Each structure stands twice: as C-alpha cells, then as structure tokens.
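Q: Following this message is one structure expressed as structure tokens.
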Amino acid sequence: MAPVKLGLVGIGKIARDQHLPSLSRSLGFELVAAASRNAGVDGIANFASTAEMLEAIPDIAAVSLCMPPQARHETAAEALRHGKHVMLEKPPGATLSEVEHLAGLAASHGASLFATWHSRHAPGVEPAREWLKSRSIRRMTVTWKEDVRHWHPGQDWIFEAGGLGVFDPGINALSIVTRILPFPIWLTGAELTFPDNRQAPIAADLAFAGPQGEAVEAAFDFRQTGQQTWDIVVETDGGTLKLSMGGAKLSVDGEERDVGPEAEYDGLYARFAELIAAGQSDVDLAPLRHVADAFLLGRRRGTEPFHFDPSAGA
Ligand code: NAP
C-alpha cells in the first residue's frame, strides 16, 4: 500500500528529536509538509499554519501534532473536519472534554484519531504487563524526577495554565501505570507544589488505591539535578518487578531481562498506520484523568519562584 501523506505540525524539540527521525524510517507515512509559525523542515514544503498547509496540499491524508497541549485542540478539530487522520502528542489536550470532542469529530468524519502515549511503547512495558497479569500486586512505587532546565529548556508553556508542569513528564509514568496494572486505580490524596510565580506545579506527590487495597504511590519532581530517575517498582507475591529509565529497562528481583532496543516513536507511527488502515481511533484518557483528579483533589503548597535561568531569580 502507498504510504500515507502526512503533515507535521509544531516543529520544536520533540518534532526534531523523535518525529522526524521516525518518519524518515517509516514505511507507512511519507512526510510531505510541515506547519510551524517560526520553524521549518529542510527538503519539504513549509507553511506558517495548518490551514495553509491543508489548502495548498489537499492530498495530505494525516497530520501529526507536536505543539504544546494548550495549542492543539483547534488545529486537531480543523484537520478532522477536513477528514484528515490526526495523531496527537501526549498529553492529548489541555482538558478531558476537548479530547472527547475530538474523538466525536473523528467518528463523525470517518477519520482516525490517535492520542499517543509514547512511554507505553518503551520496550519494558508490554513484558511488565504480561508478567504482572498472573501475580498478586501489593504495592507500586513510582519515582519520576528530572531536571526541567535540562529537558525543557526555556519552555515557559509548561508552567502556564494547561501546561501541566511536572505532570508533563509525570503523565508518561501514569500512562505506563495504567497500561501495566490489571485493575483500575483511583486517587486518594495528593500534594502539589507550585512555584509562587507559576501556574503549574513543579512537584507532586500522589497516592492511589486499587480494588483489593493495593497501594500506588507516585513522586514527581522537576528539580532533580544529577542522576535522573524514571522508575516504577511493583511488589508482588511472586517477586519485585522494576521498570527503570522510563520503561527502557526491566528487572525482576534485581535480575535484568532482555527487552530489546528503544523504538518508542517508530512504534507510535506503526500504530497510527494500523489504525488508519483499520478505520479505527485509539483515545485512552486514563492518564489525563488521573492528572485532572490530582488538580481536583490535591492540596497545594507554594514554593520559591522558578526561573529557567537560575541567575534570574537571584
Ligand atoms: P517545544 O520545543 O516548545 O515545541 C513545540 C512547538 O510548537 C514550538 O516550537 C512552536 O513552534 C509550536 N507551537 C505552536 N503553538 C505554540 C504555543 N502556543 N506555545 C509554544 N509553542 C507553540 O515543545 P516540545 O518539547 O516539542 O513539546 C511539545 C509536545 O510534545 C508537548 O505536549 C510535550 O509534552 C510533548 N513531548 C515532549 C517531549 C520532550 O522531550 N521535549 C517528549 C515527548 C513528548 P512554532 O513557534 O514554530 O509554531
């Protein structure tokens, strides 16, 4: 089958780090154009807006949206109304309702909508899910601590309303948690730490419960310098499973399992191609719902102002 012609929107860090390399290897898609207000991609047609791109190249059948969540809904809705298939970076939107609206549009216009969770394609995740299926889970501990200045340099949108703050990486952990646990969990308490000059939290501690009293605790922090931590530890009746490096590595009782190489974004584009071929959508809102619950239930405390340039606040 001929590759699907695709337009990439929002040419920033993730578009360059992951989408462009994966698309260059993809058999399912041909990248024909990009839309970005201040950036472009060499060797293809570039436009300042998605509307101009879709008007100029009507045979684009799919778009992949890489801009921040606060800026995504209008563009996604416009593309779906044109019958284009849409792939959304995580988190799929700034609110649950806007993503549900997009899912409805996709259904009524015969288009595929794929709300991606790239961390679910980390190589340790499916083996962890399989291993956990047949065991009785007692406790899960999630530690997701990274340096925002290193990973998100100058990305002020992340600390604006709707940018999610530390939940921007934390939702990746929750996307894995909600994939590997064989039962639903719900938030029972949370503490969110907001810099005094920001609209989104820089740290969060969450507690969840499962149906048999299983305990899930998560600690997210954007202020971690030095060693970076993206770990999930699950204590069960049959041993302790650990996913580390964001799901890239898996060990059981300290013994590492071979799970293969990292290929998260190749996996996402392969799945998007499958969905289009099958005429289906894939929109799982569970990770975003847990984040919304944390904003609903969480206690808030203030902390010192945050500046990307550490000397700015001195
Ligand atoms: P980014 O570097 O800030 O790039 C996003 C691009 O979107 C910008 O360069 C900008 O390009 C465009 N844009 C459109 N509307 C915007 C707005 N209102 N505010 C800011 N930029 C806007 O961000 P990113 O790191 O690529 O992250 C984008 C999305 O990918 C986020 O949802 C993030 O969670 C997800 N993601 C990021 C990473 C990562 O490691 N960075 C990893 C996985 C997923 P123009 O100015 O040219 O329009």
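The values are calculated or read from the model by the stated rules, or taken from the named source; none is laboratory data. As the structure is a computational prediction, the values presented were derived from the model and not from experiment. Heads up, the Cβs are rebuilt from the backbone with ideal geometry, glycines too, and the neighbour counts pull from every protein chain shown. Note: accessible area is taken over every heavy atom of the protein model, side chains too, but ligands, DNA and RNA are not part of it. Shrake-Rupley method; radii C 1.70, N 1.55, O 1.52, S 1.80 Å.
Q: To make sure I understand the rule: partners must be lysines, Cα under 23 Å from the Cα of K249, and not fewer than 8 residues away in the same chain. Which ones qualify?
A: Output for K249: K90, K133, K145.
Q: So what's the gap between the Cα centers of the range 15-78 and the range 86-102, to the nearest angstrom?
A: 17
Q: Continuing with this model, one more query. Can you compute 3J(HN,Hα) from phi for each residue in the range 189-204, using the Karplus curve 6.51 cos²θ - 1.76 cosθ + 1.60 with θ = phi - 60°, rounded to whole Hz and x for Gly and Pro?
A: Per residue, the Karplus-derived 3J(HN,Hα) values read x, 7, 10, 10, 10, 10, x, 4, 9, 10, 9, 9, x, 9, 8, 8 Hz.
Q: Could I ask something else about it? Note the full-extension length gain between E126 and Q280 as 0.36 nm times their separation in residues minus their Cα-Cα distance, in nm to one decimal.
A: Going from the current span to full extension adds 53.3 nm.
Q: Before I look further, what does the range 4-115 give for accessible area per residue, probe 1.4 Å, in whole square angstrom? Present the calculation step by step, with values, prior to reporting the outcome.
A: Numbers: 4570 Å² over 112 residues.
I get 41 Å² per residue for the range 4-115.
Q: State to the nearest 20 debye the size of the charge dipole of the range 4-115 about its Cα centre, where the only charges are +1 on K and R beta carbons and -1 on D and E beta carbons.
A: For this selection, approximately 220 debye.
Q: Suppose accessible area is computed on protein heavy atoms with a 1.4 Å probe; arrange E214, E130 from highest to lowest.
A: From most exposed to least exposed: E130, E214.
Q: Follow-up. Calculate, in nm to one decimal, what T95 and Q228 gain on full extension: separation in residues at 0.36 nm each, minus their alpha carbon distance.
A: Contour length minus the Cα-Cα distance gives 45.0 nm.
Q: Taking all protein chains as present, what is the carbon and sulfur share of the accessible area of the range 94-140, in % to the nearest whole number, probe 1.4 Å? The partial results should precede the final answer.
A: Values: 970 of 1980 Å².
Looking at the range 94-140 in its full context, I get 49 percent from C and S.
Q: Out of the DSSP beta bridges found with both residues in the chain, what percent are antiparallel (nearest 5)?
A: Once the DSSP bridges in the chain are tallied, antiparallel ones form about 50 percent.
Q: Let me ask something else. Within 10 Å, count the other beta carbons around each residue, average over each peptide in 24-33, 75-84, and list them highest first.
A: 75-84, 24-33
Q: Looking at the P(r) of the chain, how many percent of alpha-carbon pairs lie beyond 24 Å?
A: Details: 26955 of 49141 pairs.
Roughly 55 percent, rounded to a whole number.
Q: Averaged over all directions, how much area does the convex hull of the C-alpha atoms of the range 4-115 cover when projected, in nm²? Don't skip to the end; give the middle numbers.
A: Details: hull surface 24.7 nm².
With every direction weighted equally, the projected area is 6.2 nm².
Q: What are the extents of the Cα atoms of the range 260-314 along their three principal axes, listed from largest to smallest and rounded to whole Å?
A: Here the spans come out as 54, 31, 22 Å, largest first.
Q: Moving to a separate point now. Relative contact order for the range 79-170: what is it in percent, counting Cα pairs under 8 Å that are at least 6 residues apart?
A: Relative contact order comes out at 27 percent.
Q: For a test of the definition: using alpha carbon positions, the gyration tensor, and the 1.5 limit on a/c, classify the range 1-69 as rounded, prolate or oblate.
A: Judged from the Cα gyration tensor, the range 1-69 comes out oblate (a/c at least 1.5, b/c at or above a/b).
Q: Now for a different question. Going by a ≥ b ≥ c, the root eigenvalues of the Cα gyration tensor, does the range 66-157 fall in the rounded group (a/c under 1.5), the prolate group (a/b larger than b/c) or the oblate group?
A: Taking the square roots of the gyration eigenvalues as a ≥ b ≥ c, the range 66-157 is oblate.
Q: Any idea how far the Cα center of the range 128-195 sits from the one of the range 228-285, in Å?
A: When both Cα centres are located, 14 Å separates them.
Q: Under unit Cβ charges (Lys, Arg +1; Asp, Glu -1), what dipole magnitude, rounded to 20 debye, does the range 9-67 have relative to its Cα centre?
A: On the way: 4 positive and 6 negative charges, 56 e Å.
Computed charge dipole of the range 9-67: roughly 260 debye.
Q: Charges at C-beta only: +1 for Lys and Arg, -1 for Asp and Glu. How large is the resulting dipole of the chain about its Cα centre, in Debye rounded to 20? Before the final figure, lay out the partial values.
A: On the way: 28 positive and 40 negative charges, 54 e Å.
Charge dipole of the chain: 260 debye, to the nearest 20.
Q: Inverting the mean 1/r over all pairs of different Cα atoms, compute the Kirkwood radius of the range 220-314 and quote it in Å.
A: Answer for the range 220-314: a Kirkwood hydrodynamic radius of 18.0 Å.
Q: Let me ask something else about it. Listed highest first by mean packing, meaning other Cβ atoms within 10 Å per residue, what order do 248-259, 285-296 come in? Walk me through the intermediate numbers first.
A: Numbers: 248-259: 14.3, 285-296: 18.7.
Highest to lowest by the protection proxy: 285-296, 248-259.
Q: If packing is taken as the mean number of other Cβ atoms within 10 Å per residue, what is the order of 180-186, 304-310, highest first?
A: 180-186, 304-310
Q: Follow-up. Before I look further, what does the range 144-303 give for accessible area per residue, probe 1.4 Å, in whole square angstrom? Mind showing how you got there, number by number?
A: Details: 7000 Å² over 160 residues.
Dividing the accessible area of the range 144-303 by its residue count gives 44 Å².
Q: With contacts defined as alpha carbon pairs under 8 Å and 6 or more residues apart, what's the relative contact order of the range 4-115 in percent?
A: Numbers: 199 pairs, mean separation 26.4, N = 112.
Taking the mean separation of contacting Cα pairs over the length of the range 4-115, I get 24 percent.
Q: Find the relative contact order for the chain and round it to a whole percent, using C-alpha pairs within less than 8 Å whose residues are 6+ positions apart.
A: This gives 19 percent for the chain.
Q: Based on DSSP H runs of at least 4 residues, each adding -39500 (n - 2.57), what is the mean residue ellipticity at 222 nm of the chain after dividing by all its residues, to the nearest 500 deg cm²/dmol?
A: -8500 deg cm²/dmol
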